[in-house]
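Okay, structure first, notes after.
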Amino acid sequence: MIATTEWFVPWWGWAAFILGVGVLLVIDLVVVHRRDSEPTLRTALIESAVWIGFGLMFSLVVLYFGGAVVAGEYLSAYLLEKGLSIDNVVVWAVILSWFGINRNDQRRVLFWGIFGAVAFRTVFIVAGSALLTRFEWVGYIFGAILIVTAVRLFIAEESGFDPGDSKMVRLLSRIVPFHDGDPHGRFVRTVDGRRVATLLLLALLVVETTDVIFAVDSVPAVLAVTSNSFIALSSNVMAILGLRALYFVLADLRDRFHYLEEGISIVLALVGLQVILALGLPVIGTVELPTWVTLAVIVVVLGGAGVWSWLRPPEVAGSPDPDQATRQ
């Protein structure tokens, strides 16, 4: 793999991280959002900045206990997952809009959606890390997945996710009996003496299912940056925690980041190629790049794509329909 730094994290380190994440979630749900009110752009910007601050500050903890190389791995994985999460936000916006979920209830769906995403990513990362530790050749598969995903993102036509045409939505609606009336902010209601799911629960299930699909790309990407399971998990979790606030920032501005997907595809292709070269190829042998090179590439490419998108709006870039400027 690209990074093979050995850093043993004792059980109390894992316990402290899990406890810290739990405390942040409780504060977010019980203290910050104890009152149901429609989120504003200003509030979302502040919350998003705070969550990003937590993610970046945690790198200082890693730096103190693990050293500069491990901290570089954490930052690389964190920034990569943060960039990949933009696609999550765009698809979530489409899903919640299609189901007609109001902005106040969107916050409730996203909280539990992110909670479930953390649980799923934990399982996937632990399993993936165990596979890589036992079978190094799995790294070739991960590298190939990243390169194929990069090509698919780069050449994909600008067509959005349509929940109405999704087999997943139709399947879930058959499995879970639901009522399409006003959910009144609840996931389950009693209608005519029968307990049924509301549109909030159906939207939540679709959000969780799409996140599992996204994990097929993001988990190999993070494990390609670091083979340390603690760094892989903590960077992924810290990047995901702030997605709800980021959603309300980007939901209305997503067409201004129309070049970001190309930037993500370039990063994924380079990371996938790095994985394969680090494991070794006939004739070429093994080629390993320092962690700071990976971090620099991620920062420059994603940062450049974001800035270029902002400087060249969809109408300037040649997109006739701003709503279709970002591939969803």
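Here are the numbers for this structure:
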read-out	value
Qualifying residues in the range 185-224 (those that are surrounded by 16 or more Cβ atoms within 10 Å (Cβ to Cβ) and of a type in the set (Gly, Ala, Ser)) - the one farthest from residue 269 (Cα to Cα)	197
Some residue of the range 96-104 being in a helix (DSSP H, G or I) and modelled with pLDDT of 85 or more	no
Criterion: part of a helix (DSSP H, G or I), among the aliphatic types (A, V, I, L, M) and in contact with a Phe, Trp or Tyr (Cβ under 6 Å, 6 or more places away or on another chain) - qualifying residue of 44, 77, 127, 93	44
Pairs, first closer than 19 Å to residue 225 by Cα in the range 44-72, second polar (S, T, N, Q) and modelled with pLDDT of 90 or more, C-beta under 6 Å, six or more apart	71/59
All positions within the range 101-120 that are crowded, with 20+ Cβ neighbours inside 10 Å and among the polar types (S, T, N, Q)	106
Boolean, residue 73 is acidic (Asp, Glu), farther than 26 Å from residue 250 by Cβ and either surrounded by 14 or more Cβ atoms within 10 Å (Cβ to Cβ) or at pLDDT 85 or above (or both)	yes
All positions within the range 267-301 that are among the hydroxyl-bearing types (Ser, Thr, Tyr), at pLDDT below 75 and either closer than 17 Å to residue 82 by Cα or not in a loop (DSSP other than H, G, I, E, B) (or both)	291
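The values are calculated or read from the model by the stated rules, or taken from the named source; none is laboratory data. These numbers were taken from a predicted model, which means no experiment stands behind them. So basically every Cβ, Gly included, is an ideal-geometry build from the backbone, and we count neighbours across all protein chains shown.
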